[in-house]
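Taking it in order: structure first as structure tokens, then the write-up.
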Amino acid sequence: MKSYLSLLLITATIGTVTAGELTLHYTKPAIDDVDKDYKKGKSRYIQTALPLGNGRLGTMFSGGIATERLLFNDITLWQGAKRGQDPITQSGSREGAYKNLPKVRKAYQEERFGSEPDSMESLGTEYLSTLEPFGSFTRFTNISIETGHKLKDVQNYKRALDLETGLGSVEYDLGGSSYRRELFVSHPHDTSVIRFTSTETPLTLTLNVNMVHSPGTVQFSDNTLLVPGSVKMVEDDVQFIHGLYIEAPHATITENNGKVTISGAKEVTVYSAAYTDYLPVFPTFKGRDYASDVTNKLQEVKALGYEALRDAHVEDISALMRRCQLKLDFTPSDLPTDALIKKGGRELEVLHFQFARYLQLGCSRTAPVPSNLQGLWNADYTPMWDGDYHTDINLAMNYWLPDLANLSECFHPYVEYLKTVSQSGKITARETFGVNGWSMGLTGNVYGFTAQYKKGRLAQQAGHWLCQNLFEHYNFNPSQEYLEEIYPIMRGAVEFFTEFLAPIHDGTLAVYPTMSPECNYNPDKPDHFTSMRFNKQCYGAAWDQQLLLNLFTDYLESAAKLGNRDPELQATVKKLIPQLSPQKIGRHGQVQEWPKDWDSPRNKHRHISHLIALHPGRDISPLTTPELHEGALVTMKHRGDDATGWSVGWKTCFWARLHNGDRAHKIYKLLLQKKVYPNLFDAHPPFQIDGNFGAAAGVCEMLLQSHLRSINAEASTVDEAAYVAYRPSEDKKTFTPQVPPVELATAPYILHLLPALPTDWTQGSIKGLKARGGLLVDLSWNDGAISTATITAQHDSTFRIYDGKSLTDDITLQAGSTYTIKH
């Protein structure tokens with residue numbers, strides 16, 4: 001794995017951005033209600049404090065005058081679940097549930113709608129759904145540091161977060177002295193640091209570590225505070241320690257019952273090390289020597305000192321943030337960020353885009369689990385939706401951005417998580433469905449939970465959705481080593497679906513039990529749809545079938561590139577593809593969400609999963625599938641613009657893929673106006689980080705798309721050159737999946753430059769975007785037209801370029817070489 005990761009460190013040479021343009025800053029502290037409100041998502045702190053993180057350890061700071069409030073999170077810390085159980089229990093699955101699968105499926109085949117005892121939903125709950133506790137992500141600790149100062153007495157207050165350096169800061173003047181705090185969470189040294197300084201008056205600080213979990217015995221010696229705790233589980237409580245080392249030359253430092261007072265110093269630095277006993281080892285999920293790790297880490301940072309830690313941190317973050325730079329035409333306003341949100345405009349759009357990249361670095365680097373619904377930052381004991389891994393878009397959406405925006409290293413935790421759930425999911429596939437391969441339901445935790453959701457109403461599969469990101473990462477970073485690493489995961493997902501598929505009313509093969517996340521339908525009177533319950537469970541939902549074709553196609557390519565691996569399974573997949581339930585255009589001209597025409601134009605639901613082949617998939621395009629493109633436009637018209645934060649982010653991507661830059665930009669502006677909190681966190685509401693990532697991915701999609709592939713080198717237009725995955729019927733209302741040709745595995749990607757450039761972005765540039773095929777792309781434009789385009793190959797690569805008017809011939813570059821277009 002080391003050599004693969006090292007490949008991702010190759011970056012393009014790019015310029016610099018004025019620091020002020022990439023800084024969130026405010027003229028007042030955040031709202032500190034951390035100890036006042038534990039209700040799900042109600043804390044204003046999470047909406048106003050500023051985030052720091054290294055992928056595993058997260059800190060937020062309030063910048064309070066009387067009290068600085070630091071909120072700590074460890075991405076592995078969950079409560080209320082089980083660990084260390086037998087494999088079946090640990091997976092959450094019911095032993096032998098598959099024996100009742102035929103009974104459940106019969107209800108689907110007979111279309112027993114509603115919620116009666118013999119309905120699809122009720123039988124799923126009775127026979128297939130989990131009975132095991134799921135738990136939730138939970139907060140770690142928070143530190144209060146009292147200063148003795150009062151807000152009314154200070155002048156020139158400023159609280160800031162520099163995205164380019166990853167440094168947080170607080171500044172103010174009081175009584176002839178200037179006070180400053182500087183904060184960061186280091187990835188190179190896995191520590192959180194805050195330094196207080198005063199120019200004249202010595203500091204007097206009182207520090208206290210607070211927690212909502214069961215505290216252990218606090219220890220204090222040699223200016224080191226060790227605060228242990230225990231998190232309640234149904235089985236096998238989680239242990240952790242938060243350790244602090246306090247560096248304060250010439251100060252008096254005393255401790256009383258865990259509360260530390262530092263007085264008489266003009267410089268105080270507090271180093272934090274915090275670990276749990278979690279390890280990603282199924283089914284125990286424990287074993288880390290967390291106590292020794294805390295002690296050793298504090299010794300390490302003590303020896304290194306503040307300046308060395310700071311320098312290493314800034315070098316790390318700056319190198320990654322500078323890889324991709326978006327420049328639009330604006331004059332920096334120096335407005336506080338909360339005021340900038342109200343004003344809107346290009347300055348805010350650039351800041352929000354780079355903030356998403358910063359958050360990606362902060363919540364997903366080398367941790368053993370991926371970012372969750374809150375990314376990493378959570379103020380609640382039990383957050384909304386448990387702060388879990390939702391597989392009906394949210395987990396995947398968290399990882400749309402890393403490759404597009406040149407942060408491919410951030411994808412590593414996603415891969416590690418899929419290794420775990422594909423292991424646990426084998427048990428779910430066997431015990432719940434009686435088949436081989438691996439399966440995962442709607443939600444996951446850090447303890448290998450892969451079972452079907454507790455309510456049959458929300459039954460679904462996830463392996464095809466999760467594997468889409470997995471193979472896309474290969475497309476951006478072609479590496480045989482990585483392909484070998486993920487191949488068993490993809491093969492396991494394919495094995496599951498080849499055995500799980502079942503016939504439906506028209507004789508085609510479909511996935512069920514399932515739903516179309518998280519939408520309802522009224523089969524008796526589709527156009528009389530309301531937001532009331534109606535039915536969720538169905539068979540052959542469009543998104544399932546689209547993703548299944550995506551998975552099967554990716555699998556065939558990976559098997560071919562690994563020397564024709566598993567030929568029997570390949571043959572099975574090729575036999576099944578034409579039998580899959582097709583895509584359809586419904587009576588309103590829409591892409592059908594259901595296998596029958598149950599769609600309603602009145603449905604405004606935030607989930608639009610039946611367009612997943614448009615984005616993040618590749619099989620619906622204005623350039624290659626005109627009828628499906630028109631159907632997607634009708635669907636988008638029905639669903640409207642407004643929705644929750646993450647859905648608005650996804651709609652930005654949809655409209656970019658539909659090549660309507662102004663509509664994509666309109667949606668993006670809607671998000672910035674109504675769907676962000678003062679600290680730019682996405683407002684679902686409450687805070688949910690996928691909206692940050694989805695919207696930023698939409699910006700990338702406006703400027704560069706590379707998902708289509710050329711299988712005809714002689715063709716001079718995209719519609720003639722590009723591979724099309726569906727074969728239309730004579731009336732062009734039904735679209736049957738096609739077995740991909742052998743040449744698709746080596747087909748060049750088509751780089752579509754400025755496919756959805758907004759009219760408002762008349763001039764600008766983007767440096768360091770990534771394209772499929774292992775390519776880096778720099779673009780500049782003026783008056784809406786390309787000025788220059790430079791493509792740099794990180795790997796040997798062949799590609800074609802489409803500028804909206806003409807398609808080039810094949811272009812071949814060796815690793816390290818470039819191709820430039822100038823107009």
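The values are calculated or read from the model by the stated rules, or taken from the named source; none is laboratory data. Every value quoted in this text rests on a predicted model; they were computed, and no experiment measured them. Positions of Cβ are generated from backbone atoms using ideal geometry, with glycine treated the same way; all protein chains shown enter the neighbour counts. For the accessible areas, the whole protein counts, side chains as well, though only heavy atoms, and no ligand, DNA or RNA atoms are used. Shrake-Rupley method; radii C 1.70, N 1.55, O 1.52, S 1.80 Å.
Things worth noting here:
- Förster radius 51 Å - calculated FRET efficiency between residue 642 and residue 284, Cβ distance, rounded to 0.05: 0.65
- For the peptides 464-470, 175-181, 162-168, the ranking by mean Cβ contacts within 10 Å, running from highest to lowest, is 464-470, 162-168, 175-181.
- Rounded Å value of the spacing that divides the Cα centres of region 588-666 and region 767-823: 28 Å
- Portion, in percent, of the accessible area of region 230-357 that falls on carbon or sulfur, probe 1.4 Å: 47 percent
- Theoretical gain in end-to-end length, residue 662 to residue 333 [0.36 nm per residue, Cα-Cα removed]: 116.0 nm
- Highest-first arrangement of 584-591, 777-784, 751-758, where packing means the average Cβ count within 10 Å: 751-758, 584-591, 777-784
- Taking a ≥ b ≥ c as the square roots of the eigenvalues of the alpha-carbon gyration tensor, region 360-400 is classed oblate because a/c is 1.5 or more while a/b is no larger than b/c.
- Three-way shape call for region 406-561 based on the alpha-carbon gyration tensor, with the a/c threshold at 1.5: prolate
- Simple label model, 7 Å out from Cα along Cβ direction - residue 312 to residue 785, nm: 5.2 nm
- Acute angle (nearest 10 degrees) that the helix 626-639 long axis makes with the longest principal axis of the chain, alpha-carbon atoms: 50 degrees
- Cα-based shape type of region 545-663, given that a ≥ b ≥ c are square roots of the gyration tensor eigenvalues and the cut on a/c is 1.5: prolate
- Separation in nanometres of the label points that stand 7 Å from Cα toward Cβ, at residue 180 and residue 562: 5.3 nm
- Straight-line cross-link reach from residue 419 at under 14 Å between alpha-carbon atoms covers these aspartates and glutamates, not counting any fewer than eight positions away in the same chain: 484, 485.
- At R0 = 25 Å, FRET efficiency that the Cβ-Cβ distance of residue 296 and residue 237 yields, to 0.05: 0.60
- All lysines inside 20 Å of residue 669 as judged from Cα atoms, apart from same-chain residues fewer than 8 positions distant: 327, 342, 343, 604, 637, 651
- Here residue 232 is the anchor, and the lysines within straight C-alpha reach of less than 16 Å, apart from those fewer than 8 places off in the same chain, are 82, 286.
- Annotation: the antiparallel percentage among DSSP beta bridges lying fully within the chain is about 95.
- Only lysine pairs 8 or more places apart, or on different chains, with alpha-carbon atoms under 27 angstrom apart are counted in region 692-823, and they number 6.
- Taking 0.36 nm per residue of sequence separation and removing the Cα-Cα distance, the residue 727/residue 222 pair yields an extension gain of 174.5 nm.
- Among [x] 84, 65, 53; [y] 118, 84, 62; [z] 88, 62, 61, the entry that matches Cα extents along the principal axes in Å as calculated here: [x]
- Per residue, the accessible area of region 171-315 comes to 42 Å² when a 1.4 Å probe rolls over the protein heavy atoms.
- Share of carbon and sulfur in the accessible heavy-atom surface of region 590-700 [1.4 Å probe, %]: 51 percent
- Separation of the residue 111 and residue 720 label points, Cα + 7 Å toward Cβ, nm: 4.5 nm
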